[in-house]
Amino acid sequence: MGTVVENAGERDLRLAVRRGAGLKCPRCGKGRVLHRYLKVNKCCEACYLDLTHARADDGPAYFTILIVCHLVGFAMHFIWSTWEPSPLVMASTVSAGAIALSLLLLPRIKGAMIGFQWAKGLHGF
């Protein structure tokens, strides 16, 4: 088992958040942060970073709702003003898009929050 020693004050926030959003370890960028859909790994398989301290809780869900609702709201306005589809077509396409976007964004936002926590040294990182 290898260990990496570094100063917590010198962690690059942007790089850690970008790696986390890519579902990779915020420290090395090689190992995976999540397994399954939203389960956090116990440690990075590449650099052995302990990920048990990650506490994202409800934050990713709130940020996902915030982003998706804003994007869907603008999309609804654009679609309606451009094509004026029937209400059934509008409801079904917008609902499908919102569900797909939510499922795509949720793990990436959770990974970004774990990267943020690691970069700032929160919760025991």
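The table below gives the values:
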quantity	calculated
Condition met for A56 (buried (at least 17 other Cβ atoms within 10 Å of the Cβ) and in contact (Cβ under 8 Å) with a residue 40 or more places away in the chain)	yes
Residue list for segment 1-18, restricted to those being modelled with pLDDT of 90 or more, open to solvent by less than 80 Å² (accessible area, probe 1.4 Å) and not in a loop (DSSP other than H, G, I, E, B)	L13, L15, A16, V17
Criterion (surrounded by 12 or more Cβ atoms within 10 Å (Cβ to Cβ), small (G, A, S) and touching a residue at least 60 places away in the same chain (Cβ under 8 Å)) met by exactly one of A75, A46, A21	A21
Extreme residue, nearest to G97 (Cα to Cα), among residues of segment 30-43 that are among the hydrophobic types (A, V, I, L, M, F, W, C) and surrounded by fewer than 16 Cβ atoms within 10 Å (Cβ to Cβ)	L38
Residue satisfying all of: in segment 74-125; of a type in the set (G, A, S) and modelled with pLDDT under 95; farthest from the chain's Cα centre (by Cα) among these	G124
Segment 83-93: number of residues that are open to solvent by 70 Å² or more (accessible area, probe 1.4 Å) and assigned to a helix (DSSP H, G or I)	5
Segment 94-125, residues that are on the phi > 0 side of the Ramachandran plot and either assigned to a helix (DSSP H, G or I) or open to solvent by 60 Å² or more (accessible area, probe 1.4 Å) (or both)	H123, G124
Residue within segment 42-57 that is touching a Pro at 6+ places or on another chain (Cβ under 8 Å) and not in a loop (DSSP other than H, G, I, E, B) present	no
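The values are calculated or read from the model by the stated rules, or taken from the named source; none is laboratory data. Just so you know, these numbers come straight off a predicted model, no measurement behind them. FYI the Cβ positions are ideal-geometry reconstructions off the backbone, even for glycines, and counts take in every protein chain you see. Protein only, heavy atoms only, side chains kept; ligands, DNA and RNA dropped before computing areas. Shrake-Rupley method; radii C 1.70, N 1.55, O 1.52, S 1.80 Å.
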